[in-house]
Amino acid sequence: MRNVDELARAETDSMLEEEGDEPLILSDLLNRVLDKGVVISGEVTIAVAGVDLVRLDLRLLLVAVERLARKSIEPPA
Amino acid sequence: MPVHLYGVLEGGVLPAASARGLDGRPVRALSLGARCAWVSDISESALEATPQRLREHDAVLREAISAEYSVVPSLFGQLHADEAALAAALQRSAESLDEAMARVEGRVEMSFLVAASGVAPEENSAAPRESGSSGREHLLRVRNRIHAERILRDSAAELAQSTTRLLNELVVAERVVESPAPPVLAARAHLVARENVARYVRVVSLQAASAIPELRVVVRGPGAAYSFAAVRIG
């Protein structure tokens, strides 16, 4: 018998598969997995793999820079 | 050799022997006392971010989550000069790691996205027809399109809010994604106890079913808690 996580995951994956919308998944990854790490670390160059990603990457970079700027003016915790 | 950090787990938790990370490289555990770091050896001194590598980074942590391990994720792009440098960095971040580990214990990140479905709204009979080619008609079409986009964005925000209200009991913490990248119109990430994952998916699925045709909702997870426990190691 599959546990709760496996059931939920299967359900989620099947939803994504039905949707078949890769840009949505990629958008989600860009919003969460890169985040401020990109700018703060300075170790990553944003790469553009396809025409559809240009806007995503630029938006992400802008958001990351904005967060960095905000962080720099916040007093240390 | 530089190492790429995927995340930090409790000591003794090993990736599957077949686990592969960035560019198909093996994933191994670097034991550090009470913790271990899942890493891959990287030949480059700087790592270029590509969609494929992002997916691979995320997939390693999803596997760990799937095995019911508690994971403090690393954001993509944290490279360390070698194992010793990483060990020293983890030592310096010990306090933050302790807090993050406590936060993710028995919890995972779930998220939902609201996006345009691509279904066009019903044609407004009062709207100018495409055949008209005057500047005024063109501007009216632009105005109508902008108006429709604004309505869709507002509807997405309302849908996200109402979904969040329904999820209230299941959620430990929430992150509202500011200015989500297109084509997403609204997005929320939630920290959720493992035992509530299935209920979370069910609630969001019901909301998705009741959404207007112009919108659709996609639920993602369970995954690593990037939005709530990612620690900057360095």
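General remarks:
- Test set (1) over 16 Å from residue B:61 (Cβ atoms); (2) of a type in the set (Val, Ile, Thr); (3) touching a strand residue (DSSP E or B) at 6+ places or on another chain (Cβ under 8 Å) - residue B:197 fails condition number: (1)
- Meets criteria (touching a residue at least 24 places away in the same chain (Cβ under 8 Å) and either in the same structural domain as residue B:194 (by TED's automatic domain parsing) or among the charged types (D, E, K, R) (or both)) for residue B:28: no
- In the range B:26-56, the residue that is modelled with the highest pLDDT out of those that are among the charged types (D, E, K, R) and loosely packed, with under 13 Cβ neighbours inside 10 Å is B:44.
- Scanning the range B:158-181 for residues that are without any contact (Cβ under 8 Å) to a residue 40 or more places away in the chain, open to solvent by 30 Å² or more (accessible area, probe 1.4 Å) and either outside the structural domain of residue B:203 (by TED's automatic domain parsing) or not hydroxyl-bearing (Ser, Thr, Tyr) (or both) yields B:158, B:161, B:165, B:168, B:169, B:171, B:174, B:176, B:178.
- Selection within the range B:1-23: residues that are small (Gly, Ala, Ser) and touching a helix residue (DSSP H, G or I) at 6+ places or on another chain (Cβ under 8 Å). The member of this set that is most open to solvent (accessible area, probe 1.4 Å) is B:16.
- Restricting the range B:139-157 to residues that are open to solvent by less than 80 Å² (accessible area, probe 1.4 Å) and in contact with a Leu (Cβ under 8 Å, 6 or more places away or on another chain), the residue that is modelled with the lowest pLDDT is B:152.
The values are calculated or read from the model by the stated rules, or taken from the named source; none is laboratory data. Only a predicted model underlies this, so the values are computations on that prediction, with no experimental measurement involved. Positions of Cβ are generated from backbone atoms using ideal geometry, with glycine treated the same way; all protein chains shown enter the neighbour counts. Heavy atoms of the whole protein, side chains included, go into the accessibility calculation; ligands, DNA and RNA do not. Shrake-Rupley method; radii C 1.70, N 1.55, O 1.52, S 1.80 Å.
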